[in-house]
Amino acid sequence: MNFTIQRLDTQQADFESDFKALLDWDNRANPEIVQRVQQIVNAVREEGDNALIRFTREFDKRDVGVASDLVITNEIMEAAWHRLATSDRETLQTAANRIRTYHERQISQDSDYTDEFGNKLGNRTTPISRVGAYVPSGQASYPSTVLMTLIPAKIAGVPETIVAVPMPNGKVSDHILAALYLVEPRYAFGIGGAQAIAAMAFGTDIVPKVDKIVGPGGDWVAVAKKLVFGPVGIESIAGPSEILIIADGSVDPSWTAWDLMSQAEHDASAQAILVSPSSQYLADVGEQIEVNLTSSPRADIIKRSLEKRGAFIRTRSLDEAVEISNRVAPEHLQLALTNPRKHLSNIKHAGAIFLGQFSAEALGDYVAGPSHVLPTFGTARYASVLSVQDFTKRTSIIDITESGADALGRIASQLAEVEGLHAHSEAARVRLRDYDSNR
């Protein structure tokens, strides 16, 4: 199968304009999607379960009679677990164990110290009370997302976890149900799209209101998460999957071709970029992609993704390739290099970094250990991979002594007067030793 991918060269006069155009893509701002999602969110907020039933019938083509039909019971999950082949159960369990082991090392420790006035200052970390996770189940089935979102939440100590997963035509894969059985959410619902996000954000009679929503999704889910942010927290507004590979030509071009295709096959809006100083290697990978496409069941999606948003970029050097990567701030970054750690310190922005020829991004998607819920659309410049910390909140602990109040109160009072906040100043001053005879 032939395909055409955009080819850029940093030495070309029009590189900057072409490169900016490559990154200037954000369908979350589609006004038609925003308008329709806002209508859905408003309807669920106002009508509750009735809106959920209506939208589930419309979008998922499910024959839903009453709201209780949306519930995925523990019995349904357990039955799916036992229907799986033993090898499939072992695979899910192994992945879950590795994800759990990795995230158990992220548990935050409370800290405190005593300053020169005897004041005790510190912080306390506590779990969020109720978290909702969205698990996509449209174009593909993602049991891995169940594990990658719910396991860190459980390790953080979240007492109530809720899962929403779409069930097109009333169906959901046994692997998703089995993964749910492993992580044991408090509630699970067969609800998809913007209506699922709205239900978890505002609550309905059957869906409890959550404090935070996590998990990836398509365009409508991303818009819905953005619209409900405030009443609930979100970990990110995830977009289509992204991969950028920096290559020096040392890795088999067939491997790199499959790595690029592994992200392109998510959907036609995914982005796969290969950056290398070697023109020959870029050509070899391109030829290998054409070969691989002939045997790929999702060849059409991959081809559309690569032609729509993909790129091969030739640079003057590997250092320049790193600069390009930092400008992209990709979700997934593979350093397909002989000595990847040599360049690691110069990587400033990436959701996850994979080092060397054997560190395929696909391993990170499923079983390496870190969550595969990562920042997209360049938000790796300030956002992080989903972790245990996303399911906790930190609270300051402030215990001031009498001598501390006398010393700090004078400073606080003066700063408050500078800001024109008289009551603030007085609240500090009344605690001074020489303020009046009330002490």
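Applying the set (1) part of a helix (DSSP H, G or I); (2) without any contact (Cβ under 8 Å) to a residue 12 or more places away in the chain; (3) more than 30 Å from Asn50 (Cα to Cα) to Tyr113 leaves exactly one unmet item: (1).
Can you give me the ranges of the helices (runs of 4 or more DSSP H) entirely in region 1-75 with at least 1 residues that are closer than 30 Å to Ser317 by Cα, without any contact (Cβ under 8 Å) to a residue 24 or more places away in the chain and not basic (Lys, Arg)? Working first, answer last.
Numbers: elements: 15-23, 31-47, 49-60.
Helices (runs of 4 or more DSSP H) meeting the threshold: 15-23.
Would you confirm, using the coordinates I've provided, whether Ala428 is under 17 Å from Phe117 (Cβ atoms), of a type in the set (Gly, Ala, Ser) and open to solvent by less than 80 Å² (accessible area, probe 1.4 Å)? It is true that Ala428 is under 17 Å from Phe117 (Cβ atoms), of a type in the set (Gly, Ala, Ser) and open to solvent by less than 80 Å² (accessible area, probe 1.4 Å). Could you tell me which numbered condition Ala362 fails, if it satisfies all but one of (1) within 30 Å of Asp248 (Cβ to Cβ); (2) touching a Pro at 6+ places or on another chain (Cβ under 7 Å); (3) not polar (S, T, N, Q)? Against the list (1) within 30 Å of Asp248 (Cβ to Cβ); (2) touching a Pro at 6+ places or on another chain (Cβ under 7 Å); (3) not polar (S, T, N, Q), Ala362 comes up short only on (2). Across region 342-362, a minimum of one residue is classified as surrounded by 18 or more Cβ atoms within 10 Å (Cβ to Cβ), modelled with pLDDT of 95 or more and charged (D, E, K, R). Checked against the criterion of being part of a strand (DSSP E or B), open to solvent by less than 10 Å² (accessible area, probe 1.4 Å) and closer than 28 Å to Gly217 by Cα, the candidates Ala257, Ala272 yield just one match: Ala272.
Looking at region 349-381 only, could you name the residues that are free of Cβ contacts under 8 Å to residues at least 24 places away in the same chain and at negative phi? Please lay out each step first, then the result.
Kept after step one, since they are free of Cβ contacts under 8 Å to residues at least 24 places away in the same chain, are these residues of region 349-381: 353-356, 358, 363.
Ile353, Phe354, Leu355, Phe358, Leu363 - these are the residues of region 349-381 that are free of Cβ contacts under 8 Å to residues at least 24 places away in the same chain and at negative phi.
Taking region 242-300 on its own, how many of its residues are in contact with a helix residue (DSSP H, G or I) (Cβ under 7 Å, 6 or more places away or on another chain) and hydroxyl-bearing (Ser, Thr, Tyr)? Matching residues across region 242-300 total 7. In region 64-115, the qualifying residues are those that are open to solvent by 70 Å² or more (accessible area, probe 1.4 Å) and among the aliphatic types (A, V, I, L, M), and the one that is farthest from the chain's Cα centre (by Cα) is Val66. Cβ-Cβ contacts under 7 Å between residues 6 or more apart (or on different chains), taken from a first residue in region 187-201 that is at negative phi to a second residue that is among the acidic types (Asp, Glu), are listed as Gly192/Asp60. Filtered by the rule that a residue be open to solvent by 80 Å² or more (accessible area, probe 1.4 Å) and either among the basic types (Lys, Arg) or touching a residue at least 24 places away in the same chain (Cβ under 8 Å) (or both), region 292-301 gives a lone residue, Thr294.
The values are calculated or read from the model by the stated rules, or taken from the named source; none is laboratory data. Computed from a predicted structure; not experimentally measured. Ideal geometry is used to build each Cβ from the backbone, glycine not excepted, and the neighbour counts take in all protein chains shown. Side chains are part of the model used for accessible areas, which takes the heavy atoms of the whole protein and leaves out ligands, DNA and RNA. Shrake-Rupley method; radii C 1.70, N 1.55, O 1.52, S 1.80 Å.
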